[in-house]
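Asks: The structure's right below; bear with me while I get my questions together.
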Amino acid sequence: MRRMKRKRGESGGLADGSWESAARQVGGSLLSVIMPAFNLGPTIAANVRKVHALFAGRLPFEIVVVDDGSADNTRRQIEEAAALFPELRPVFLPRNLGKGAALARGFRASRGSYVLLLDADLDLAPHHVLRFFEIMETQGADVVIGSKLHPDSVLNYPRRRRLASAVYYGLVKLLIGLPIHDTQTGIKLYKREVLEWVVPRMLVKHFAFDLELLAIAHERGYRVAEAPVRLEFRGKWGSLGWSSVKQVMHDTLAIFYRTKILRYYQTIQHTEMPSPPPPVSIVVAYPAPSPFLAECLAGIAAQTYANYEVILLPDAAHPLPGIPAPTSRSAEPSVSASGASHEQPTAGNRQPAALPPPRVIPTGPLRPAEKRNVGIGEARGAIVAFLDDDAFPSEDWLEHALVYFADPEVAAVGGPGVTPPGDPPRARLGGNVLSNPLVSGRQRCRYTPTRVQAIDDYPSCNLLVRKETLDALGGFRTDFWPGEDTYLCLEIVKRLRRKIMYDPRALVYHHRRPLFGPHLRQIARYALHRGYFARRFPETSRRFSYMLPSLFVLGVAGGAAASAAWTWLRLPYAAALGFYVLSTLAATHSLSNPPAWALAWSGVVLTHAVYGARFLQGFFSRRMPSERRRFDHASEAERS
C-alpha cells in the first residue's frame, strides 16, 4: 500500500467546501441523506449522530436510514436514534435485498430535492457533500459522484484494489461508454429529478447498482461530474472474493446487454398509477400446502402497494401457521412511536388501517383453471393477479404491473418468473436451461428480465388481468391443463382485440423443477399441449420457434438414417451435429464449474429432444389427455 495525495489535500481541504453553495441550491427545499445499513449494530447509531451533527442548523435535511434485513441489533440501534432525532426516517426491509434495493426503497421514502447516497459505515465522511455542491453549481451537473481515481483524491488504498478499479473502469468505458472513472465509490449527490427518472427503470439489486444507475442517467442526457475524496483503507473491503467478481461481471454484462443490445431502458415509458389506484385480488390455486406457500405469502405481504386481498384456493381447508397477514401502508411512511417507518409505498396509495388476512376457499380436487375461475368469482378487486404457490413476488411487483392499467386498451400484464438464487443446484440448473436462448428463444422473457413489450401469450404463474375482461370471457377454459392460460391470452388479443403488456420489473421468483426427471416431465407436458395448440389454435402457437426442437429431432433421426444409406451424407451430417454441439456448449458455458456446465449442456440437449418429440405427438393428437379424463393431482400435477 502507498498513500496517494496532493499537497493541497494534506489537511483534507480537497473534500471541504463552503456551506454557501449548498444553501443556495437547497434553498427552502430539503436534502435527503440516504444511508443503507446492513449488520452495522456496533456503529450505526454513532454514524447517524455524526451525519446529524454535520447538517443540524446549517441545511434543511432528513436522514433516511434503510436497514437491509440486518441479523444483528442494527434495527434496535436505529429505532433508538430515531427517538432522539426527528429528522431521522428509518426504513426496515423484511430481509436482505441488496444495497441497490435498499437505496431504491430509501429514495421512495425520501422527500428532498437533493439526494445524497451515503454508505452508512462512513468510510467516506459526509462533509464531502459540500465540495459536491460546489462542483454541481459551477459545472452545471445533475449528478456528482465521489471518485477514487480523481487526480486530487487522497487514498490509503491497496495496490490490488487500485488495479481492480482501473481495470473495471476500462471495461465499463469499453462496454457502456460512461465518461467517468469510478462508479463504485459510496458517496453520490443527485438532483431528485434524476432519481425519479432512473430508479423506476432499474433491475440490478446488488453489486452493480451504481453502474446501472449512472448508465441510465447518462443515456438520458443528465450530466455527471466527478469529485475527489479522502479514503482511508480499513481492511474490510481490501479483498476481492471470486464470487463477488463473478457477480459484478454478470451484472455489468447484463447492463451492457440491456443498454446496447436490447435498448431496454429506452423502452420504459413514463407511466403513472391509475387514479384511483385499483384494488387487486391475488389468486393462488394449489392442491395442498407446500414448503413454498409461506414464502409466497410473505412476498405478498411485503408489497409496496397495499390495496389488495389474497384468495387461497386449496383442495381442502388447512391452517396457515406463521403466515404474515398483509399490513397497511399509506402514501406517507407509517411511523411507530419511535418515529420508524416500516414500509414505503407508491405515492397516492392510501389504505384503511388494516388489511384482511388471506381468504382460504377450499375447492376440492379441481383443475387449476377451475380453481382460478372460483377465485375470479370471489374476487372483489378490479384487477385479478394470478400467482403460483411455488412463486413469490418481488416487493414492487404490483407497483410496476398496475401502472399499465391506466391505459384502457391494456387488459393484462405479465412479468418474468426468475429462478430464486437460493434454489438447490439441480433446480437452478433447470432454471438456467429454461432461460437459455437456445431453449426458450423469443419466450426467454418468461424466465429472465428482457425489455418492455406487447405480448400475446403468457403463463398464469405471473399474470394480472382486468376483472371485467375475465368476466367477459367467462374466465379460463377448463378442459386444458396446461394451456388454459394460452387460450385465455388468445381470446384477449384476438377476440377482444386488447393488449397484453410485459414489464421485466413486475418480477416474481419461481421455483423450478430440478434436472433431470422432474424438469423433463414438465417440458414433455408443455410440449404436448403446445403441439396440439399449434394445430388447433395456430394464431399464437404455430410458430417456427416452437417447431425448431421437432425439426432437430427429425433432423437427427432422418440424418442418421440417410447417412447410413448414402455415405456421401456422413460428412455434412457430422458437421451439422458438430455445429449443434459447439453452439449449445457455448450457450451453456461455465469455465469456473465444469460439472455444472456438463449438466446444463445435457439439460439443453435433452430438453430439445423431449420437447421436439412430444410437440410432434401433440400436433398429431386428436384430443389431449385433459380433455378425456378427470383431473388427478397424483398423476398429472408434479410438484418438486
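Asks: Within the range 398-415, is even one residue closer than 23 Å to residue 523 by Cβ and either modelled with pLDDT of 95 or more or within 22 Å of the chain's Cα centre (by Cα) (or both)? Break it down into steps so the answer makes sense when it comes.
Replies: Narrowing the range 398-415 to residues closer than 23 Å to residue 523 by Cβ: 414-415.
Filter again for either modelled with pLDDT of 95 or more or within 22 Å of the chain's Cα centre (by Cα) (or both), leaving 414-415.
Taking every residue of the range 398-415 in turn, at least one turns out to be closer than 23 Å to residue 523 by Cβ and either modelled with pLDDT of 95 or more or within 22 Å of the chain's Cα centre (by Cα) (or both).
Asks: Moving on to the next point. Write out, first by first residue and then by second, each pair whose Cβ atoms fall under 6 Å of each other, whose residues are 6+ apart or on separate chains, and whose first residue, in the range 220-231, is among the basic types (Lys, Arg) while the second is surrounded by fewer than 23 Cβ atoms within 10 Å (Cβ to Cβ) and part of a helix (DSSP H, G or I).
Replies: 220/197
Asks: State which residue pairs qualify: first residue within 19 Å of residue 371 (Cα to Cα) and inside the range 283-312, second residue polar (S, T, N, Q) and assigned to a loop (DSSP other than H, G, I, E, B) in any location, beta carbons under 9 Å apart, and separation of 6 or more residues or different chains.
Replies: These pairs meet every condition: 285/363; 285/460; 296/290.
Asks: Which numbered condition trips up residue 586, out of (1) exposed (fewer than 15 other Cβ atoms within 10 Å of the Cβ); (2) of a type outside the set (S, T, N, Q); (3) under 14 Å from residue 434 (Cβ atoms)?
Replies: (3) is the only condition that residue 586 fails.
Asks: Let me ask another. Being under 29 Å from residue 428 (Cβ atoms), of a type outside the set (Gly, Ala, Ser) and modelled with pLDDT under 95 is the requirement here; does residue 503 meet it? If you could, list the steps in order and put the result at the bottom.
Replies: Numbers: under 29 Å from residue 428 (Cβ atoms): yes; of a type outside the set (Gly, Ala, Ser): yes; modelled with pLDDT under 95: yes.
Yes, satisfied.
Asks: Residue 129 passes all but one of (1) part of a helix (DSSP H, G or I); (2) touching a residue at least 40 places away in the same chain (Cβ under 8 Å); (3) in contact with a Lys or Arg (Cβ under 8 Å, 6 or more places away or on another chain); which number fails?
Replies: With respect to (1) part of a helix (DSSP H, G or I); (2) touching a residue at least 40 places away in the same chain (Cβ under 8 Å); (3) in contact with a Lys or Arg (Cβ under 8 Å, 6 or more places away or on another chain), residue 129 is out only on (3).
Asks: With respect to residue 512, determine if the residue is closer than 30 Å to residue 264 by Cα and surrounded by fewer than 19 Cβ atoms within 10 Å (Cβ to Cβ). Can you show your working first?
Replies: Values: closer than 30 Å to residue 264 by Cα: yes; surrounded by fewer than 19 Cβ atoms within 10 Å (Cβ to Cβ): no.
When the stated conditions are applied, residue 512 does not pass them.
Asks: Right, next: Quick check on this structure: which one of 160, 76 is farther than 22 Å from residue 229 by Cα and assigned to a helix (DSSP H, G or I)?
Replies: Numbers: 160 fails: farther than 22 Å from residue 229 by Cα.
Checking each option against the conditions leaves just 76.
Asks: So, in the range 79-107, exactly how many residues are under 16 Å from residue 202 (Cβ atoms) and surrounded by fewer than 20 Cβ atoms within 10 Å (Cβ to Cβ)?
Replies: 1
Asks: For the structure I just gave you, tell me whether residue 158 is modelled with pLDDT of 80 or more and either out of contact with any helix residue (DSSP H, G or I) (no Cβ under 9 Å at 6 or more places or on another chain) or of a type outside the set (Gly, Ala, Ser) (or both). Give the derivation first.
Replies: Numbers: modelled with pLDDT of 80 or more: no; either out of contact with any helix residue (DSSP H, G or I) (no Cβ under 9 Å at 6 or more places or on another chain) or of a type outside the set (Gly, Ala, Ser) (or both): yes.
Against the criterion (modelled with pLDDT of 80 or more and either out of contact with any helix residue (DSSP H, G or I) (no Cβ under 9 Å at 6 or more places or on another chain) or of a type outside the set (Gly, Ala, Ser) (or both)), residue 158 does not qualify.
Asks: Another question, then. How many residues are out of contact with any Lys or Arg (no Cβ under 8 Å at 6 or more places or on another chain) and either basic (Lys, Arg) or closer than 16 Å to residue 387 by Cα (or both) when one looks only at the range 259-285?
Replies: So the count comes out to 4.
Asks: In addition: Need pairs with beta-carbon distance below 8 Å; first residue surrounded by 14 or more Cβ atoms within 10 Å (Cβ to Cβ) and within the range 259-272, second small (Gly, Ala, Ser) and in a helix (DSSP H, G or I); sequence gap 6+ or separate chains.
Replies: The qualifying pairs are 259/215; 265/215; 271/406.
Asks: Looking at (1) in contact with a strand residue (DSSP E or B) (Cβ under 9 Å, 6 or more places away or on another chain); (2) within 26 Å of residue 549 (Cβ to Cβ), can you tell me which one residue 425 breaks?
Replies: (1)
Rundown of residues vs (1) among the β-branched types (Val, Ile, Thr); (2) free of Cβ contacts under 8 Å to residues at least 60 places away in the same chain; (3) closer than 26 Å to residue 452 by Cβ, yes/no style:
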site	(1), (2), (3)
475	no, no, no
478	yes, no, no
481	no, no, no
486	yes, yes, yes
498	no, no, yes
504	no, no, yes
508	yes, no, yes
512	no, no, yes
515	no, no, no
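Asks: Also, quick follow-up: Name every residue in the range 1-58 that is in a strand (DSSP E or B), modelled with pLDDT under 90 and in contact with a strand residue (DSSP E or B) (Cβ under 6 Å, 6 or more places away or on another chain), in order of residue number. Full working, then the answer.
Replies: Step one: filter the range 1-58 for residues in a strand (DSSP E or B), giving 2-4, 31-37.
Among the residues that remain, those that are also modelled with pLDDT under 90 are: 2-4.
Those that are in a strand (DSSP E or B), modelled with pLDDT under 90 and in contact with a strand residue (DSSP E or B) (Cβ under 6 Å, 6 or more places away or on another chain): 3, 4.
Asks: A further question follows. Residue by residue through the range 448-470, note down the ones that are in contact (Cβ under 8 Å) with a residue 60 or more places away in the chain and under 19 Å from the mean Cα position of the chain (by Cα).
Replies: Those that are in contact (Cβ under 8 Å) with a residue 60 or more places away in the chain and under 19 Å from the mean Cα position of the chain (by Cα): 449, 450, 451, 452, 453, 460, 461, 462, 463, 464.
Asks: Can you find even one residue in the range 196-215 that is under 10 Å from residue 142 (Cα atoms), modelled with pLDDT of 80 or more and either in a loop (DSSP other than H, G, I, E, B) or not hydroxyl-bearing (Ser, Thr, Tyr) (or both)? Steps first, answer last, please.
Replies: So the first thing to find is which residues in the range 196-215 are under 10 Å from residue 142 (Cα atoms), and the list is none.
No.
The values are calculated or read from the model by the stated rules, or taken from the named source; none is laboratory data. Quick caveat, the model's predicted, so the values are computed rather than measured. Ideal geometry is used to build each Cβ from the backbone, glycine not excepted, and the neighbour counts take in all protein chains shown.
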